[in-house]
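> Take a look at the following structure, please.
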Amino acid sequence: MSLNGPAHGADKKLLGVLRGERPAVPPVWLMRQAGRYLPEYRELRADKGGFLELVYDSAAAAEVTLQPLRRFGFDGAILFSDILIVPYAMGQDLWFEAGEGPRLAPILAETDLSALTPDWSRFDAVYDTVRRVKAALNPNVTFLGFAGSPWTIATYMVAGQGSKDHGAARRMAYGEPDRFAALIDAIIAATVEYLSGQIAAGVEAVQLFDSWAGSLAPIQFERWVIDPNRRIVAALKERHPDIPVIGFPKGAGAKLADYAVQTGVDAVGVDETIDPHWAHGALPAGMPVQGNLDPLALIAGGRAVEEAVDAIRAAFADRPHIFNLGHGILPDTPIAHVEALLSYVRQQGDCS
C-alpha cells in the first residue's frame, strides 16, 4: 500500500476541507493515530528504550508518523512528538517515568520564572522529523503539525505532571494572575517559535491542542484559553498567512462558539461530549469542523460505530468536515475496528 492508500479523486483533500471545500466523502485522520494500539509502534518504542528517546530520534519518530499511513491510508499525517517539548525547550527539566508518564520540575511559589532559559535547539530534532516525513509522504496526504495550547501546557508546568483537576495551575491563575500571565506569555512565544519552525520544515497545517480547556470557569476560559490562542493564531497568520490552524479546546462545551469566533482559527475540533447538531447550529456558517466520534465507540465497533458515523455526518453535511475522533485513539482499540471505520466512512458517499 502507498502511504496514502487509494486515491480519492483530489490532491490533499484534507487541506482542501480546511480551506472550505466540501467533498462527498470527508477526509479522515485520527488523533493519536501513531501510537500504542499499533504493534509496530510498541516494538519500535521498546527498542528505543523510552518515549523521549523515541521523539528525539528523528528517523524513528518519522517512522512512527508514517506507520498508520501504511496500514490505513489516512488522508492526514500527524507529526509524532509530544506537547511537552515546548516547556523542555523553555528550559524546564523533562523526563518520563516508566508506567507513570511525563514529569517536569514543578513551578513552585519560590520558582523564579526568569530563570527558565530557552534553548530552541531542543526543537531541532522535531524539525528534522518533519523534513524526513515530508520527503516520504504521498503528495495526496496533508501533513499536520501541532502544539499544546498555553493553558494545557501550563497545567503540566505548574504541577510538574498531569493531574485530575489541574488545581495547581488554577490556584496560581486565581491567586497570582500576574505571575501566571507571565508564564502564559512565555508559552505563547515558545509555541509560535515551535509551530513556525514546523511550518518552515514542511507541515501544511497545524493543530492547537487545549486538552484541559474544560477545567476552567467561563471567565477564566476567556482569559487563559481564548486570548492566548488568539494571540498564537494572529502571530502565525502574520508569518504564514496560508497555513490553516485547527483549534481543539476539549471540554469547551457552550464556549466552543466563542472560541471559534474569537481565536481566529480556520477550523475547530469538536470533542465527543458535544452534540454535533448543536455544534453545526452554533458555529459560524461555513467554518470547517473536525470530529467527533467517541473513542470508546471505536473500541466497541460494529453497529455502535456505524450509528455514530451516520449521526455525525448528517449533522455536518452542510459544512466542510474532517472525520476524526473526539479525542485520541485509545491503546486497546482493535486494528480491525479502525479498518472497518475507514471502510464505512468512505463507502457512505454524500450524506447531504
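> Could you work out Rg/(2.2 N^0.38 Å) for region 129-270, with Rg from alpha carbons only?
1.06
> Please work out the C-alpha center-to-center distance from region 206-240 to region 36-76 and express it in whole Å.
Here the two parts' Cα centres lie 28 Å apart.
> Ranking request for peptides 106-117, 284-295: highest mean number of other beta-carbon atoms within 10 Å first, then the rest in descending order.
284-295, 106-117
> Let me ask something else. Can you give me the Cα centroid spacing of region 78-102 and region 326-343 in angstrom?
25
> Which whole-Hz ³J(HN,Hα) couplings does region 223-230 yield from phi under the Karplus relation 6.51 cos²θ - 1.76 cosθ + 1.60, θ = phi - 60°, glycine and proline marked x?
7, 9, 10, 5, 5, x, 5, 4
> How are the alpha carbon pair distances in region 3-94 distributed across 10 Å bins from zero to the largest one, expressed in percent?
Going from the shortest bin to the longest, the percentages are 15, 39, 28, 15, 2.
> Oh, and also: Which whole-number value in Å² is the accessible area per residue of region 83-149, probe 1.4 Å?
Per residue, region 83-149 has an accessible area of 44 Å².
> Also, I was wondering about something else. Tell me, what ³J(HN,Hα) does each residue in region 66-80 have, in order and in whole Hz, if you take phi through Karplus 6.51 cos²θ - 1.76 cosθ + 1.60 with θ = phi - 60° and put x for Gly and Pro?
Coupling constants for region 66-80: 7, 3, x, 5, 5, 6, 10, x, 4, 7, x, 10, 10, 3, 8 Hz.
> If you don't mind, there's one more thing I want to ask. For a 27 Å ceiling on Cα separation, which of these pairs sit above it: K134/K164; K12/K164; K13/K237; K12/K48; K134/K237?
Over 27 Å Cα-Cα: K134/K164; K12/K164; K12/K48.
> Return one number: the angle in degrees, 0 to 90 and rounded to the nearest 10, between the long axis of the Cα atoms of helix 335-347 and the longest principal axis of the Cα atoms of the chain.
Result, in degrees: 60.
> Hey, another quick one. In degrees between 0 and 90, to the nearest 10, how far off the longest principal axis of the chain does helix 303-315 point, with axes built from Cα atoms?
It works out to around 80 degrees.
> Determine the share of the chain's accessible area contributed by carbon and sulfur atoms, expressed in whole percent, with a 1.4 angstrom probe.
51
> Among (1) 122; (2) 133; (3) 207, which one is volume of the Cα convex hull per residue in Å³ computed from these coordinates?
Among (1) 122; (2) 133; (3) 207, the one derived from this structure is (1).
> Largest first, how would H327, H166 line up by accessible area (1.4 Å probe)?
Ranking H327, H166 by accessible area, largest first, yields H327, H166.
> Given only helices, namely DSSP H runs of n ≥ 4 each adding -39500 (n - 2.57), what is the per-residue ellipticity at 222 nm of the chain, to the nearest 500 deg cm²/dmol?
My calculation for the chain gives -13500 deg cm²/dmol from helical runs alone.
> Per residue, how many Å² of accessible area does region 219-352 show with a 1.4 Å probe?
38
The values are calculated or read from the model by the stated rules, or taken from the named source; none is laboratory data. Source: prediction; values computed, not measured. FYI the Cβ positions are ideal-geometry reconstructions off the backbone, even for glycines, and counts take in every protein chain you see. These area figures cover heavy atoms from the full protein model, side chains too; ligands, DNA and RNA do not enter into them. Shrake-Rupley method; radii C 1.70, N 1.55, O 1.52, S 1.80 Å.
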